[in-house]
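Peer 1: This is the structure I have questions about; it appears just below.
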Amino acid sequence: MRVLLVEDDADLSKRIAASLRAESFVVDIARNGEDAEHAGLTEIFDVAVLDLGLPKIDGVTVLKSWRSGERMLPVLVLTARDGWPDKVAAFKAGADDFLTKPFKIEELILRLRALVRRAAGHAASVITCGDLSFDAQLGTFELAGLPLRLTAFEWRVLSCLILRKNVIVDRRELIERVYEGDTDVDSNSIEVIIARLRRKIGAERIGTERGRGYMLRAGQ
Amino acid sequence: MKLELPSPRRTIAGRLIAFSVIYAVAALVVAAFVLWFIVATVVRQQVDQRLDLQIDAVRSALTFNRDGTLALSGNPDGPPFDRIGSGWYWQVTADGRHLSSRSLDGGSIASPPRALDWKRLLKGSPQPADGPGDKGEALHFRVAQTFVGGKAVEILATAPNVALTAPAARALALLVPAMLTLGAILGVGILFQVRYGLLPLRELSGQVSEISSGRLTELPQTEVDELRPVIGEINRLVEHNRKRLAETRLQFANLAHGLKTPVASLYLALDDKNDPTGEARRLVGRIDRRIRHHLGRARAGVSEAGFASSTHLLSRVDGIVQMMSKLYAGRHLSVVTAIGSDLRISCSAVDTDEVLGGIIDNAFKWAASSVRITGTVEGAMALISIEDDGPGIEQSRIAEAMKPGVRLDETIAGDGFGLSIAKEVAELYGGYVKLQARPETGLIAVVALPDARGDAPSLSS
């Protein structure tokens, strides 16, 4: 799951990013409204954490710009302002959830997972694909009732595939959701991860659609 | 058009009318007196002319017999000098002997004392005087000293005083009703003039009220030169206040951001390793509560109460309900909003969100299955009732729930300031927030805010 974290305070953004990465999120950070607007309009993210008080362009304007650019990624607004007018304005601009500073990081992670799950069209928090299940709230995988141990990259790829099970996920899109924006990506590395996943959950579950991407199926 | 007489002193119209009426009455009294004086003077001049003519006629008819006695060559007793006791008399006196008009009926009148007027004496022209007649009646005299046949002769002619005063009195009898009629016409004219003259001021006062009730955001320009600077100044002040409020809001937002971002950072930096007892985290929590409390108070302080506002209630409530529906999507609550689409309130959009946001959030937070929001108008107030079918609050604890920082249930997120801020802002608009237990189960929160169409109550400072 790739998160766009928009927070101008270097210390806070560093701490949030570290906690999110520890939970296998891919985190790209934007420190001002201009960079945030550009990143949101040009790159693919599963969810955005958007602070409202930003330099250059304020958060609500950034959000409006994303929505008018038909970027429908779920957005959690992070605000220092307790007042309802700011919250209502943020929701009118297209926010999906909000957290008031200060907050518990666990709360932020839970909400982000819920947002990503709901955006993928899953009402229940546990998504199943055959005997493979993903608890989108806790971020854990189980195969045939037993916990599945995955590396961070494997988790990112598999969570991305299971959120859109039975749908071809474009290879380029998968790369964007798995690697942070400034990472040098080896074009073969995604194949390596897919191969490792096939070994763990069964080769037949992940289909390769040549030239297009990958699809998670329920399997035999 | 209905004409009302405003009380003097307290209104400009009253002052203008009072001054104009006093001035017009004084002018009419002076005019009436002057006219009466002119009439009296003209009457006197006419009577004098008539008497002088009579003196001339008597003088020209006057001769002396051979024995030196006075005689008349003709009869100068034309009317009214032929009517006995009429007061119209003439009398010639020479050497102590008299010749007199028929009207004197052989009687004689004493020549009244008068100042010596050499000019008239030399010219032989008559001198005016007043005195009694032979029966004591008041007479107006003209007396001429002349020489006839080398003898000094005094010729006097009289008219009754009433011949002078009666025409003047008659003129006065006509003047008084004429002046009263003129006064009445002037009075009505003054009322219309004041009304027409003050019309732009009355319009201005109406527009200022419309600004207060939110139907206008600024005063429209006028064709009246004298009011243009006033309107410009009022508009400048309104705009200045609005800008200052927006700036203050921004300052508070920046202050919140500036204070809470490092607190958030500090909160995330603390964990069981570097804060094993949790004391530091409790302190950060306290700092956060203090910041929230004071920012909340400051937010209530920058309320737009007293500014132009006419807010469409339904669209504000819809905005908040949409937000809550997203936030509480997993709860599958049934939400009913029954608010007339024409209901507007005299409360700014920002303050409406501030008042209703927390209360609607509470209803969604606690509702078991449904939330109902209704809007009605009662007198000058719009009543917004927010009902939920949650556990409700015991009647005895309702007052406690309105206190700042008090949370009746710590298991659900919140800071406990929402309700007290909502109440404070509503009160700034002359409204209120009341909580009451729902007859079945749950809570009803009633918010009263001034209806934009009604007469808003006076704003508290």
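Peer 1: Identify all residues within region A:71-91 that are small (G, A, S) and part of a loop (DSSP other than H, G, I, E, B); write none if there are none.
Peer 2: Hits for region A:71-91 are A:A80, A:G83.
Peer 1: Taking the condition of being basic (K, R) and either away from chain A (no Cβ under 14 Å) or in a loop (DSSP other than H, G, I, E, B) (or both), how many residues in region B:331-364 meet it?
Peer 2: Within region B:331-364, residues that are basic (K, R) and either away from chain A (no Cβ under 14 Å) or in a loop (DSSP other than H, G, I, E, B) (or both) number 1.
Peer 1: Any residue in region A:64-92 that is more than 7 Å from chain B (Cβ to nearest Cβ) sitting within a Cβ distance under 7 Å of a residue that is among the aromatic types (F, W, Y) and in a loop (DSSP other than H, G, I, E, B)? List the pairs, counting only those 6 or more apart or interchain.
Peer 2: These pairs meet every condition: A:L73/A:F45.
Peer 1: Do any residues in region B:222-246 that are more than 13 Å from B:V208 (Cα to Cα) have Cβ atoms under 7 Å from those of residues that are assigned to a helix (DSSP H, G or I) and of a type in the set (V, I, T), where the two are at least six apart or on different chains, and which pairs are they?
Peer 2: B:T222/B:I231
Peer 1: Now a separate question. Test each condition in (1) surrounded by fewer than 19 Cβ atoms within 10 Å (Cβ to Cβ); (2) within 12 Å of another protein chain (Cβ to nearest Cβ); (3) touching a helix residue (DSSP H, G or I) at 6+ places or on another chain (Cβ under 7 Å); (4) not hydroxyl-bearing (S, T, Y) for A:I57 and report the one that comes out false.
Peer 2: Every condition holds for A:I57 apart from (2).
Peer 1: Sort through B:A269, B:A280 and tell me the only one that's at the interface with chain A (Cβ under 10 Å from one of its Cβ atoms) and closer than 25 Å to A:A18 by Cβ.
Peer 2: Sole residue among the options that is at the interface with chain A (Cβ under 10 Å from one of its Cβ atoms) and closer than 25 Å to A:A18 by Cβ: B:A269.
Peer 1: If B:A246 passes every condition in (1) away from chain A (no Cβ under 14 Å); (2) farther than 26 Å from A:A10 by Cα but one, which one does it miss?
Peer 2: (1)
Peer 1: Looking only at region A:93-117, count how many residues are among the charged types (D, E, K, R) and within 7 Å of chain B (Cβ to nearest Cβ).
Peer 2: Summing the residues that are among the charged types (D, E, K, R) and within 7 Å of chain B (Cβ to nearest Cβ) in region A:93-117 gives 3.
Peer 1: Looking only at residues that are among the aliphatic types (A, V, I, L, M) and in contact (Cβ under 8 Å) with a residue 24 or more places away in the chain in region A:176-215, which one is nearest to A:R21 (Cα to Cα)?
Peer 2: Checked region A:176-215; the qualifying residue nearest to A:R21 (Cα to Cα) is A:V178.
Peer 1: Of the numbered conditions (1) within 9 Å of chain B (Cβ to nearest Cβ); (2) over 21 Å from A:E180 (Cα atoms); (3) under 16 Å from the mean Cα position of the chain (by Cα), A:I16 fails exactly one; give the number of that condition.
Peer 2: A:I16 satisfies all of (1) within 9 Å of chain B (Cβ to nearest Cβ); (2) over 21 Å from A:E180 (Cα atoms); (3) under 16 Å from the mean Cα position of the chain (by Cα) except (2).
Peer 1: Here are some residues: B:I155, B:I185. Which one is over 30 Å from B:S125 (Cβ atoms) and either part of a helix (DSSP H, G or I) or of a type in the set (A, V, I, L, M) (or both)?
Peer 2: Testing whether each residue is over 30 Å from B:S125 (Cβ atoms) and either part of a helix (DSSP H, G or I) or of a type in the set (A, V, I, L, M) (or both) leaves just B:I185.
Peer 1: May I ask you to say which residue of A:D8, A:D51 is closer than 22 Å to B:A269 by Cα, within 13 Å of another protein chain (Cβ to nearest Cβ) and surrounded by 24 or more Cβ atoms within 10 Å (Cβ to Cβ)?
Peer 2: Being closer than 22 Å to B:A269 by Cα, within 13 Å of another protein chain (Cβ to nearest Cβ) and surrounded by 24 or more Cβ atoms within 10 Å (Cβ to Cβ) holds for just one of A:D8, A:D51, which is A:D51.
Peer 1: Pairs please, first residue from region B:383-397 and surrounded by fewer than 18 Cβ atoms within 10 Å (Cβ to Cβ), second anywhere and assigned to a loop (DSSP other than H, G, I, E, B) and of a type in the set (S, T, N, Q), Cβ atoms under 8 Å, 6+ apart in sequence or on different chains.
Peer 2: Between residues of region B:383-397 that are surrounded by fewer than 18 Cβ atoms within 10 Å (Cβ to Cβ) and residues that are assigned to a loop (DSSP other than H, G, I, E, B) and of a type in the set (S, T, N, Q), the close pairs are B:P391/B:T441.
Peer 1: What number of residues within region B:49-104 satisfy the criterion of being assigned to a helix (DSSP H, G or I) and either of a type outside the set (G, A, S) or closer than 15 Å to B:G150 by Cα (or both)?
Peer 2: Count: 13.
Taken together, the values in this text are just the output of simple stated rules run on the coordinates, not laboratory data. Quantities reported herein were computed from a predicted structural model and do not represent experimental measurements. Neighbour counts are summed over all protein chains in view; Cβ atoms, including those assigned to glycine, are modelled from backbone coordinates with ideal geometry.
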